[in-house]
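Here the structure is laid out as structure tokens; the discussion comes afterwards.
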Amino acid sequence: MRNSNYRKLWIPAFLLAAAVAGCGDGDINAGAGNPGNPLSAPSVTVVTPPDGSTLVCPNTAVITATFSKDMDPTTINSPATTFTLTGPSGNVPGTVNYIVATRVATFTPSTLPLGPPNASFTATVSTGAKDNFGNALAASKVWTFTVSPPCTPPGGLALGAACGYGVLAGATVTNTGPTHIVNGDLGLSPGSSVTGFADPPANTYVGTGTHTAGLGLVSGIIHITDAPPSPNDAKTAQTNLTTAYNDLAGRTAPAPTTVAGDLGGLTLAPGLYKSTSTLGITGTLTLDGQGNANAVWIFQIASSLTTLSGSNVKLTNSASAHNIFWQVGSSATLGTTSTFNGSILSLASITLATGATLNGRALAQTAGAVTLDSNMVTVPACP
């Protein structure tokens, strides 16, 4: 009798425990809002170019699909045929690469530019694309875009007095550890305090501001609230930075190529690229100069720029860090031990995490701060 009562008590208790455990298991709960749910179908959440886009630059077109949950790469990557592009002559040859970390698949045409001018193209991700649980897309994702005539690459940018600076900030510059700025200056204006760089004679200081000593070294001059007529003074550099930032933000030609989410895994030709929100870099972004040492890349970013730890902006085929410009509408953060190429022109703050390497410039406007931590900043030669 006691055994029977024990079983009657134990079975409901076991079922209750199982139910409670199930409620806490993300892979058991149903619902489209749970990306780990094995029962929910994946979907495509963002595409580039946006559906219905016109005047897409045919020599820089970026064709991507971002998924709502982790996908099975074997159902998307070439030689799979689930992500395709068709144009006036039928299927466009190309390769597809899915980045697990970002959930972004990219279709790269075998030949650019796409054409002929004013032609319409249709991108499709079919229901053959499946998540890691074997669930297919509920429906194929289809979007269209129209290309313009081939685009003339953008022209360069005049940085003025800001060109000679590896770091320029408006509010504060704060450093931790043995940061080294090579081939350039450090500047602060209108702020008045720099922290973390060695006292003279290891560094040369000009201006009326103050500094707190540290391990940082600058091969050029540290300008703290120095005003004209000091050579390359920080105040003039800030004025020139504002002019350059507004120039970048206002560029509309050639027609900007839309990018979204994350640039990791992409290879981009010289051109003008535009993000209407935040932008990230996971893994490697390759900028291909196509043999032209004067090739220019401009990235217009409406909000923040963030690179992940260990990420890399790689330059190939004569691409030059001096000709790469990142206009950031908010703040920029370079991840730990990441490698970044180009000049960052930020409306707000710039942070280089521990061990990040910058081949370029960190230029924050008058309200922005720059934070450094054991970094190497190498300033490209000014023209």
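What follows is calculated from the coordinates using simple rules that are stated; it is not laboratory data. Treat the numbers as computed from the prediction; the structure is a model and nothing was measured. As a convention, Cβ positions derive from the backbone with ideal geometry for all residues, glycine included, and neighbour counts pool all protein chains shown.
Annotations for the structure displayed:
- Neighbour-count order for 346, 311, 192, 320, fewest beta carbons within 10 angstrom listed first: 192, 320, 311, 346
- Per-residue ³J(HN,Hα) for the stretch 178-184, Karplus 6.51 cos²θ - 1.76 cosθ + 1.60, θ = phi - 60°, Hz, x for Gly and Pro: x, 5, 9, 9, 10, 6, x
- Per the Cα gyration tensor, the stretch 160-378 maps to an equivalent ellipsoid with semi-axes of 28, 18, 15 Å, ordered largest to smallest.
- Nonlocal amide H pairs with residue 94, under 5 Å, H built at 1.01 Å: 110
- Each Cα pair under 8 Å and six or more residues apart adds its separation to the average, and for the stretch 143-295 the resulting relative contact order is 20 percent.
- Taking the stretch 133-154 and a reference point 7 angstrom along Cα→Cβ of residue 84, the backbone N atoms nearer than 14 Å belong to 140-143.
- Per residue, the average separation of C-alpha pairs within less than 8 Å and at least 6 apart gives the chain a relative contact order of 13 percent.
- Label-point separation, residue 314 to residue 138 (7 Å along Cα→Cβ), nm: 3.8
- With both residues required to sit in the chain, DSSP beta bridges show an antiparallel share near 25%.
- The H on the amide N of residue 342, modeled in the peptide plane, is under 5 Å from the matching H of 359, 360, 361, each at least 5 residues off or on a different chain.
- Think of it as helices only: each DSSP H run of n ≥ 4 in the chain is worth -39500 (n - 2.57), and spread over all residues that comes to -3500 deg cm²/dmol at 222 nm.
- Ordering of 77-87, 229-239 by packing [mean C-beta count within 10 Å, highest first]: 229-239, 77-87
- Packing here is the average count of other Cβ atoms within 10 Å per residue, and on that basis the peptides 108-118, 149-159, highest first, run 149-159, 108-118.
- Our Cα-only numbers for the stretch 182-295 put the radius of gyration and Dmax at 19.0, 50 Å.
- For residue 130, the residues whose amide H sits under 5 Å from its own are 72, 75, ignoring neighbours fewer than 5 places away on the same chain, with H placed 1.01 Å from N.
- Relative to the longest principal axis of the Cα atoms of the chain, helix 234-250 runs at roughly 40 degrees.
- Extension gain for the segment residue 219 to residue 292, taken as residue separation times 0.36 nm less the Cα-Cα distance, is 23.3 nm to one decimal.
- Cα gyration tensor shape of the stretch 112-185, rounded if a/c is under 1.5, else prolate or oblate by comparing a/b with b/c: oblate
- Computed from the Cβ-Cβ distance with R0 of 51 Å, the FRET efficiency linking residue 74 to residue 246 stands at 0.60.
- Shape metrics for the chain, restricted to C-alpha atoms - Rg then Dmax, Å: 25.6, 100
- Volume of the Cα convex hull of the stretch 311-361, divided per residue and given in Å³: 65
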